[in-house]
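Here is the structure we will look at.
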Amino acid sequence: MAASAEGDVLTLLETRCVQCHGGEKTKAGLDLTTREALLRGGETGAAIDPGHPETSLFLQTIRHETDPHMPHKKEKLPPAEIAQFEAWVKAGVPYARPLKKTAAEAPARPAEFTLTEDDRRHWAFQPLARPAPPAVRHESLVANPIDQFILFKLEARGLTLAPPASRETLIRRVTFDLLGLPPTPEEIDAFLADHSPAAYEHLLDRLLASPHYGERWGRHWLDLARFAETDGYEYDSVRPHAWRYRDYVVRAFNDDKPYDRFIREQLAGDELWPREPEALIATGFNLLGPDMVDSSDQIQRRHNTLNDMTDTAALTFLGLTIGCARCHDHKFDPLSQRDYYSLQACFVPAAIKRDQPIPKPAELAEHEAALAQFNEQPAVRALAEMEAPVREAIRRRRLAKLSPEARAAHETPAAERNAEQANLVLETEAMVAVADKDVATEFTGESAARRKELLAAVKSLPQPAPLPRAMVLAPGNRAEQTFILHRGEYSQPGEAVAAAMPAVLRPPAETPPATAGRTLLADWIASPRNPLTARVMVNRLWQHHFGRGLVATPSDFGTRGQPPTHPELLDWLAGEFIARGWSVKQMHKLMLMSAAYRQSSAAEESARATDPGNRLYSRMNRLRLEGEAVRDSLLAISGQLNPELGGPGVFPPIPRTVLEGAKGWTAGTNPHEYSRRSLYIFARRNLRFPFLEVFDAPDSNLSCPARERSTTAPQSLTLLNSDEVTTAATAMAARLTSEAATPEERIALAFRLTLGRAPRPAELTLAHDFLAHAPLSELCRALFNLNDFIYVE
């Protein structure tokens, strides 16, 4: 190979490759700066086979024959340059000189983001209107103003509402909607016997007052909050206190906590109500995402958490996909990278506490008194005095091994650390931590024996009751700066930004509150002037009651989301929500009292032709139950349901075949716990409970605004053969035998328990014939496999 051609190739390596492979970075362990380093290869083995271009991985990647392609995330090299590299490999990869270690690529200046008036005119960014309900021809069908908005569009297409659903259908529908459980035969009878005009309203009031209401609607919120009780990733470590957030959500719905308060508690409860445990637990919302605790890059780990907080808050409360602006300006919505990092700046100062005591004042006082008494015990004092200098010596030795910058960071009080020092402490705190086992190795001979004696004496003492703990955010370093990151890489910071809301939604200039950060964010999101918050939440309520939101993309109100089918109704509902003190229960009642909700799911021929997708709500949507509601129904109908509320997650048995290759699931020792509601099954990220997974349980790594409703063969097999179904069928048969005397009465009760209605004549005949050849438990199992059991009309 000619010297000039060799020089050209080395220059190409310097300009195309070395910035990632041998400059400030050595990605995938591959260093190209010398021939020796190149021949060592990288994490994937040898990169070059000198003299053999056809088998050299280096050439395959630049020819885009293997993945990943090189240069990474850039255009393919020109054919002439690839040919130069091929000739160089064929010549045996000669190096006339070491390559220059070039500096990392300077961040390119992005095109200037421009916010236009057209951007601001998008329907979701407009201030809330208060439209008057329109006049309609069929006034006799109107139960409340919702119906006027629905009928107005129906009448314009020559349609009207479907006839009212039967009372049996209605009580089953609304009971599942609000409680996620079937109505009992006694509840059905009482409703059918109540002919007063207020019978249905009284039914709603009773259901909304039930503690099971919070369990049902808490589950919907937990989908949005990507709730799980483990970290995910390879080790999927347990988060022992995550269940406290789940119970907080259940209580919040049961108490009808105003939604604006609910928002503020989750985003900034520690800043606004630092002495209230509920408000502290609520901030766990921000920490529920997956977390690679064993990451070798703890700075990146923190940035991942901050990104997850920012993305999830925007999706959940605002219906915005702002996460698309992390690496560049949003491709579709008027959201810039500056908007993204300005929003993230609200979270950046926060301290992350994954094991924080959250006692009530009385609990704290009692604990501190008991702890003071415990610490005064002679054995405790002697042990502490014996270990203190040893612990400090170990810590000092470990600090001495760190870089001077890291040592200085650790020795700087936490409140005074700058951003770089805070990151250094995060990266190195595990290196200086001192565990009990470290201390034990420092004692020998008589001192070791004395320490062992003291440990035994301390262990024999009554221990103070542990304080309740939770994952929370806490006020942190307000001096920490936030930067716009080139391509989202923390190693490439650009301009510093202050906490602010997205420009397209920014309220008029006003004096910021005394406490900025998350309080600023919470107050802005929960403000009645925010054009998105109330719209997004009432749309979520409508979605769960009617099967589809007025906006069919419930977490995307941006320009690529679906526009509302009934924009005036959406704004009217949002205005009502605010006017009613952000009461979620009042909004339930408003929607459920409408004639639109109470109509039948049967479609007239004209409605099928004109409104095939039921986008105009010319009938009620027929919906399949979620996995939790199916499993909970099996437990309730068979008389097994344990109605206990709250507490740590439970571990019912799961099939042995599912456990092969998995870890972290040992069935609980108390069989009574197996029949708790599905909400309380331990939520492991890497091993979802099989019965729920087959019925489209959500991926808890991401916020889930709407569950899939698939129809698959495994669902049928589960309803036929799973332990949950066979156990429920056996228990239900025993219940029928106990509560009904004759075959006819048992069949009737079986239908009322599973389907909420009496058997039709043909069904009664079939059931009689079936029981002539099969046991009662098999009839129960057959009923569990009917569409009428897993669907709500």
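Computed from the coordinates by the stated procedures, all read-outs in this text should not be read as laboratory data. No experiment lies behind these values; they were computed from the predicted model shown. Every residue, glycine as well, gets a Cβ built from its backbone with ideal geometry; the counts of neighbours run over all protein chains shown.
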* Asked: Kirkwood Rh over Cα pairs of the range 209-323 into Stokes-Einstein at 20 °C, 1.002 mPa s: D in µm²/s?
  -> 144
* Alpha carbon Rg of the range 126-169, scaled by the compact-globule rule 2.2 N^0.38 Å -> 1.37
* Please report, largest first and rounded to whole Å, the three semi-axes of the ellipsoid equivalent to the range 337-468, where each semi-axis is the square root of five times an eigenvalue of the C-alpha gyration tensor. => 35, 25, 10
* Go through Gly756, Ile654, Leu287 and say which Cα lies farthest out towards the positive end of the charge dipole of the chain; charges sit on Cβ, +1 for Lys and Arg, -1 for Asp and Glu. => Leu287
* Structure fact -> With Cα coordinates, the longest principal axis of the chain makes an angle with the long axis of helix 627-637, in degrees rounded to 10, of 40
* Asked: Taking all pairs of different Cα atoms in the range 631-750, averaging 1/r and flipping that mean, what Kirkwood radius in angstroms comes out?
  -> 16.1
* Asked: Once both axes come from the Cα atoms, what is the angle between helix 211-224 and the longest principal axis of the chain, in degrees from 0 to 90, rounded to 10?
  -> 40
* What base-10 log of the normalised intensity I(q)/I(0) is obtained for the range 561-684 from the Debye formula, alpha carbons as equal point scatterers, at q = 0.11, 0.19, 0.20 Å⁻¹? -> -0.70, -1.06, -1.12
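Which chymotrypsin sites (Phe, Trp or Tyr not before Pro) does the range 665-743 hold that lie in a coil by DSSP with at most 16 other beta carbons within 10 Å? Could you put the intermediate results ahead of the total?
Numbers: sites: Trp665, Tyr674, Tyr680, Phe682, Phe691, Phe695; in loops: Trp665, Phe682, Phe695.
For chymotrypsin sites (Phe, Trp or Tyr not before Pro) across the range 665-743 that sit outside H, G, I, E and B with at most 16 neighbouring Cβ atoms in 10 Å, the list reads Trp665.
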* Taking only the alpha-carbon positions of the range 336-394 and ignoring solvent, what does the Debye formula give for the base-10 log of I(q)/I(0) at q = 0.19, 0.21, 0.25 Å⁻¹? -> -0.89, -0.94, -0.98
* **Average silhouette area of the range 575-626, convex hull of alpha-carbon atoms, in square nanometres** => 4.9
* Structure fact -> Rounded to whole angstroms and listed largest first, the alpha-carbon spread of the range 711-778 along its three principal axes comes to 35, 25, 25
* To do: Please compute P(r) over all alpha-carbon pairs of the range 290-385, binned at 10 Å starting from zero, and give each bin as a whole-number percent.
  => 13, 28, 20, 17, 12, 8, 1
* Structure fact -> Using alpha carbon centers only, the range 130-158 is separated from the range 316-394 by a whole-angstrom value of 51
* Quick one: Debye curve from the alpha-carbon atoms of the range 275-336 only, equal weights, vacuum; give me log10 I(q)/I(0) at q = 0.15, 0.17, 0.23 Å⁻¹ to two decimals. => -0.58, -0.71, -0.98
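How long are the semi-axes of the equivalent ellipsoid of the chain, defined as square roots of 5 times the Cα gyration tensor eigenvalues? Whole Å, largest first.
On the way: eigenvalues 551, 277, 187 Å².
After scaling each eigenvalue by five and taking roots: 52, 37, 31 Å.
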* Structure fact -> For the chain, the longest principal axis of the Cα atoms and the Cα long axis of helix 199-209 enclose an angle in degrees, to the nearest 10, of 30
* **Cα-only radius of gyration and Dmax that characterise the range 437-579, units Å** => 27.0, 82
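Please give me the summed charge of the neighbours of Arg137: other residues whose Cβ is under 15 Å from its Cβ, Lys and Arg +1, Asp and Glu -1.
On the way: positive: Lys153, Arg157; negative: Glu139, Asp147, Glu155.
For residues surrounding Arg137, the net value is -1.
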* To do: Using packing as a proxy for protection, rank 162-171, 430-439 so that the peptide with the highest average count of other Cβ atoms within 10 Å comes first.
  => 162-171, 430-439
* Asked: Size of the range 598-670 along its principal axes in angstrom, Cα-based, largest extent first?
  -> 57, 31, 22
* Structure fact -> Partner aspartates and glutamates whose C-alpha sits under 12 Å from that of Lys76, ignoring same-chain residues fewer than 8 away, are Glu65
* Order of 605-615, 583-593 by packing, highest average Cβ count within 10 Å first? -> 583-593, 605-615
* Structure fact -> Taking Cα atoms only, Rg over Rh for the range 104-217 with Rh from the Kirkwood formula is 1.25
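For every other residue with a beta carbon closer than 12 angstrom to the beta carbon of Ala350, add +1 if it is Lys or Arg and -1 if Asp or Glu, then tell me the sum. Show your work: numbers first, answer last.
Values: positive: Arg302, Lys353, Arg478, Arg518; negative: Asp270, Glu271, Glu480.
Its environment carries a net charge of +1.
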* Asked: Hey, which aspartates and glutamates would be in cross-link range of Lys663, C-alpha to C-alpha under 12 Å, not counting anything within fewer than 8 residues on its own chain?
  -> Glu234, Asp236
* Going out from 0 in 10 Å bins, what whole percent of all Cα-Cα distances in the range 524-577 drops into each bin? -> 27, 59, 14
* To do: Tell me what the chain gives for mean residue ellipticity at 222 nm when only DSSP H runs of n ≥ 4 count, each as -39,500 (n - 2.57), the sum divided by the residue total, rounded to 500 deg cm²/dmol.
  => -14000 deg cm²/dmol
* To do: Return a whole-number percent for the relative contact order of the range 347-439, with Cα pairs under 8 Å and 6 or more residues apart as the contact set.
  => 26
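Mind checking Rg over Rh on the range 524-633, alpha carbons, Kirkwood formula for Rh?
Details: Rg = 15.1 Å, Rh = 15.2 Å.
Ratio value, two decimals: 0.99.
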* To do: May I ask you to list the lysines whose Cα is less than 20 Å away from that of Lys452, ignoring any residue fewer than eight positions away on the same chain?
  => Lys437
* the range 520-594-the range 459-486 distance, computed between alpha-carbon centres (Å) -> 34
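Starting from the range 350-429, pick out the trypsin sites (Lys or Arg not before Pro) whose DSSP state is loop and whose Cβ has at most 13 other Cβ atoms within 10 Å. Before the final figure, lay out the partial values.
Details: sites: Lys353, Arg354, Arg381, Arg391, Arg395, Arg396, Arg397, Arg398, Lys401, Arg407, Arg417; in loops: Lys401, Arg417.
Of the trypsin sites (Lys or Arg not before Pro), the ones in loops of the range 350-429 whose Cβ has at most 13 other Cβ atoms within 10 Å are Lys401.
Below 8 Å between Cα atoms, with a sequence gap of 6+, how large is the relative contact order for the chain in percent?
Values: 1164 pairs, mean separation 131.0, N = 793.
Worked out over the chain, it gives 17 percent.
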* Structure fact -> With a 19 Å threshold on alpha-carbon distance, the violating pairs from Lys360/Lys459; Lys27/Lys331; Lys257/Lys589 are Lys360/Lys459; Lys27/Lys331
